[in-house]
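Structure record follows, encoded as structure tokens.
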Amino acid sequence: MNRLEELAQELHANFRVPAFAITADLAQADAPGKLAEELRRRDLSVDILVNNAGFALRGRFAQLDLQRQLDMIQVNVAAVTHLTRIFLPAMIQRNRGGVMNIASTAAFQAGPLMAIYYASKAFVLSFTEALHEEVAGTALRVTCLCPGPTETGFAAVAGAENSNLFKRGAGRPDLVAKTGYEALQKNQVIAIPGLMNNMMVLGGKLGPRSMTRRIAMTLNQ
């Protein structure tokens, strides 16, 4: 039994709600469409879409594997766009529901040694802010959650476990999820969990971009 199936059973047991695990490789361009078709086959509709899938790679752009970087763009950017386009129209028609896209504090500046990841999260932030305005006046809620380093499998996949960024410590995933949930309920367009993450984002906005990208490179080393 994989982790998704275990989680579905845990949700059902603890909260007495139906829960299903449907797997899809979002690095494949046709995966969002196949996922939507499977939901239709099961007669399931989507009221709240959480685009949480994503990954990073640590290293110099010119040295990292090209296909893995293209896969990252497919998962972090194209799949987010595709899934939102599939499910948002029905939400608008029903005039209920919401979308929460998971970006990162990385969305607010360039990130040497994780160039494509930072750029992909900048897309997610900009895209979500635009959607938030487009559905204003409806009952829909659209939120962009921008966590900093978090205790998940992210760092291991990215090869960043020993980076300065993660040596500084990482946030608890339950607190990140709570921040996102509360922000979506309030229709808050951008949510940044934790005081330190908020201070880092604010400092990046106030400082020159030449400084923020050098700081990012130091943290990613």
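Can you name the helices (runs of 4 or more DSSP H) wholly within segment 70-169 that have at least 1 residues being in contact with an Asp or Glu (Cβ under 8 Å, 6 or more places away or on another chain)?
Where helices (runs of 4 or more DSSP H) fall fully within segment 70-169 and carry at least 1 residues being in contact with an Asp or Glu (Cβ under 8 Å, 6 or more places away or on another chain), they are 79-94, 154-158.
Considering segment 170-193 alone, what residues qualify as being part of a strand (DSSP E or B) and touching a helix residue (DSSP H, G or I) at 6+ places or on another chain (Cβ under 6 Å)?
Answer for segment 170-193, where residues must be part of a strand (DSSP E or B) and touching a helix residue (DSSP H, G or I) at 6+ places or on another chain (Cβ under 6 Å): just A191.
Give segment 193-221 a look and list any residue that's among the hydrophobic types (A, V, I, L, M, F, W, C) and closer than 16 Å to G111 by Cβ, or say none.
Across segment 193-221, the qualifying residues are M200, V201, M211, I215, A216, M217, L219.
Please work out if T152 is within 15 Å of the chain's Cα centre (by Cα), within 22 Å of L113 (Cβ to Cβ) and hydroxyl-bearing (S, T, Y).
Yes, satisfied.
From the residues in segment 1-25 that are in a loop (DSSP other than H, G, I, E, B) and under 20 Å from the mean Cα position of the chain (by Cα), which one is farthest from N76 (Cα to Cα)?
The qualifying residue farthest from N76 (Cα to Cα) is A21.
Note down all Cβ pairs under 7 Å where the first residue falls in segment 136-147 and is polar (S, T, N, Q), the second is part of a strand (DSSP E or B), and they're at least six residues apart or on different chains.
T143/M100; T143/A191
FYI, it's all coordinate maths here, none of it is from the lab. Please read all numbers here as calculations on a predicted model, not as lab measurements. Every residue, glycine as well, gets a Cβ built from its backbone with ideal geometry; the counts of neighbours run over all protein chains shown.
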